[in-house]
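Some notes on the structure that comes next.
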Amino acid sequence: ADGKNIRGEIAALRAQGRKLAEVGALCVATGHRRQGISFLLNKIMFRCSREVLGVDDLVISVHPDVEVLYHAALLFHRIGPTRNYPGLNKTALAVALRLEVGTAPELYLRTFGKAKRLSNPYYMYEVHEETQLKPPAASNFLELMRWPRLQAASALARTCPDAFVDLNMKEWHQLRRLLPNVALPEPGTALEGRALQGEFTCFR
C-alpha cells in the first residue's frame, strides 16, 4: 500500500477536529542504551503532548515486526495498512499506530492495574515521578517557541512537502501568511512517486 492510505486515516482524524502529534523518531546514543532512557523519552513525549501541547492523539510509524510491542506495552492501535516506503527496498515496511493520549491514563489503569512497579505502564507513566523530567512551566510555551516552529515548518516544506497536502484550506492559508516565501503544495495536491526524505515531528 502507498502513503495515500495513511494520509486518508490522518485526514479523517483531523476532520474530527482532533489535534495530532506525529512522532518521527526517538533515539538513544549507542553508549547510553539499555539504561531505561527510552522509557523516559516516551514519558516526556506523553506528558508534553497532553499537558503542554493539548494533543488528542499521538501517531507513530513503526516496522510491523514491533507493532505487537507498542500495542502490548503502550496500547497503541493500528490505523492503517502495512505499506512500503516509496523509493526504498521492499523490506522497508511501516504501519501507522495511534494512541489517544487524553484517555490513555484511564485505559492504562484498567488494563495494567495499580501495581507499584516500573514494569507497569500505568505506574511508570502516570504515577511515578521522575525528578529529572521537567515539562515547560510557562503557559505561553507555544508562543515562546513560535520562531523555532516556523523555522522547522519552513525546512519541512522544502525537504518533504508531502507533509502539508492534508491541510484544509483554512490551515493552508494560515501557514501561507506565516511563511510567505516558502512554496507550499496546495491541499490535495498529488505528490506521487516522491521518496520520503526523513521523519519529522509536527505539532499543530
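The values are calculated or read from the model by the stated rules, or taken from the named source; none is laboratory data. Here the structure is a predicted model, which means the values were calculated and not measured. Here the Cβ positions follow ideal geometry from the backbone for every residue, glycine too, while neighbour counts run over all protein chains shown.
Do you know which residues across segment 22-40 are within 13 Å of the chain's Cα centre (by Cα) and at pLDDT 85 or above? If you could, list the steps in order and put the result at the bottom.
Our first condition is that a residue be within 13 Å of the chain's Cα centre (by Cα); within segment 22-40, this holds for 22-26.
Passing the criteria: none in range.
With the structure loaded, tell me whether residue 62 is within 13 Å of the chain's Cα centre (by Cα), over 21 Å from residue 19 (Cβ atoms), of a type in the set (A, V, I, L, M) and in the same structural domain as residue 131 (by TED's automatic domain parsing) or whether it fails that test. Yes: the conditions hold for residue 62.
Looking at the structure I just gave you, is residue 197 loosely packed, with under 14 Cβ neighbours inside 10 Å, among the polar types (S, T, N, Q) and modelled with pLDDT of 75 or more? Can you show your working first?
Numbers: loosely packed, with under 14 Cβ neighbours inside 10 Å: yes; among the polar types (S, T, N, Q): yes; modelled with pLDDT of 75 or more: no.
In short, no.
Table: residues versus (1) modelled with pLDDT under 80; (2) surrounded by 14 or more Cβ atoms within 10 Å (Cβ to Cβ); (3) part of a helix (DSSP H, G or I); (4) charged (D, E, K, R).
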residue: 133; (1), (2), (3), (4): yes, no, no, no
residue: 138; (1), (2), (3), (4): yes, no, no, no
residue: 149; (1), (2), (3), (4): yes, yes, yes, yes
residue: 153; (1), (2), (3), (4): yes, yes, yes, no
residue: 163; (1), (2), (3), (4): yes, yes, yes, no
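Scanning segment 34-54 for residues that are loosely packed, with under 11 Cβ neighbours inside 10 Å and either outside the structural domain of residue 73 (by TED's automatic domain parsing) or on the phi < 0 side of the Ramachandran plot (or both) gives a single hit, 35. A single member of 38, 61 is assigned to a strand (DSSP E or B) and polar (S, T, N, Q), and it is 61.
Among the charged types (D, E, K, R), touching a helix residue (DSSP H, G or I) at 6+ places or on another chain (Cβ under 6 Å) and either modelled with pLDDT under 90 or not assigned by TED's automatic domain parsing to the domain that holds residue 187 (or both): which single residue out of 67, 100, 126, 171 fits that description? If you could, list the steps in order and put the result at the bottom.
On the way: 67 fails: touching a helix residue (DSSP H, G or I) at 6+ places or on another chain (Cβ under 6 Å); 100 fails: touching a helix residue (DSSP H, G or I) at 6+ places or on another chain (Cβ under 6 Å); 171 fails: touching a helix residue (DSSP H, G or I) at 6+ places or on another chain (Cβ under 6 Å).
Of the residues listed, the single one that is among the charged types (D, E, K, R), touching a helix residue (DSSP H, G or I) at 6+ places or on another chain (Cβ under 6 Å) and either modelled with pLDDT under 90 or not assigned by TED's automatic domain parsing to the domain that holds residue 187 (or both) is 126.
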